[in-house]
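The next block holds one structure in the form of structure tokens; read it before the comments.
The values are calculated or read from the model by the stated rules, or taken from the named source; none is laboratory data. Keep in mind that what you see is a predicted model, and the values were worked out from it rather than measured. Here the Cβ positions follow ideal geometry from the backbone for every residue, glycine too, while neighbour counts run over all protein chains shown.
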Amino acid sequence: MKIALTRADSAQGPLELIEYGDPTHPQSRLTRQELNAVADGMKGDVCLRYRYFPHLESTQSILGACALEAAASQHQFWSIYHALARSLTWPP
């Protein structure tokens with residue numbers, strides 16, 4: 001698949017990283033730790049963004065994505081993200 005670059009893609013400034021993950025999955029939690037380490041090392045020159053990407057074979061993962069969506073609408077995304085990451089285990 002080819003994606004054409006446009007002027008909108010040629011931004012200057014801080015690096016932006018977008019993670020597609022699932023806080024209920026151990027690999028996603030490890031990835032988040034690594035990205036946090038990168039961001040800390042860049043001292044504010046990187047912006048981390050997160051988009052949930054549930055594992056469709058896991059009811060726990062799908063419900064977690066729904067909880068994150070609801071939390072985001074109440075400006076509580078990260079508190080719920082961290083709660084999910086602490087409390088849920090894989091495999092469900």
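Below is a table of values for the structure above.
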| quantity | calculated |
| --- | --- |
| Check on R86, assigned to a helix (DSSP H, G or I) and at pLDDT below 85 | yes |
| Pair list, Cβ < 8 Å and 6+ apart or interchain, from the range 19-37 residues that are farther than 11 Å from Y52 by Cα and modelled with pLDDT of 85 or more to residues that are charged (D, E, K, R) and not in a helix (DSSP H, G or I) | T31/E19; R32/E19; L35/E19 |
| Where a residue in the range 61-82 is under 15 Å from S28 (Cβ atoms) and touching a residue at least 24 places away in the same chain (Cβ under 8 Å) and its partner, wherever it lies, is surrounded by fewer than 17 Cβ atoms within 10 Å (Cβ to Cβ) and of a type outside the set (A, V, I, L, M, F, W, C), with Cβ under 6 Å and at least six apart | none |
| Residue in the range 43-51 that is assigned to a helix (DSSP H, G or I) and either modelled with pLDDT of 90 or more or of a type in the set (S, T, Y) (or both) present | no |
| Residues that are within 14 Å of the chain's Cα centre (by Cα) and under 13 Å from L84 (Cα atoms), drawn from the range 53-65 | P54, S61, G64, A65 |
| Test result for R32, assigned to a strand (DSSP E or B), basic (K, R) and out of contact with any His (no Cβ under 8 Å at 6 or more places or on another chain) | no |
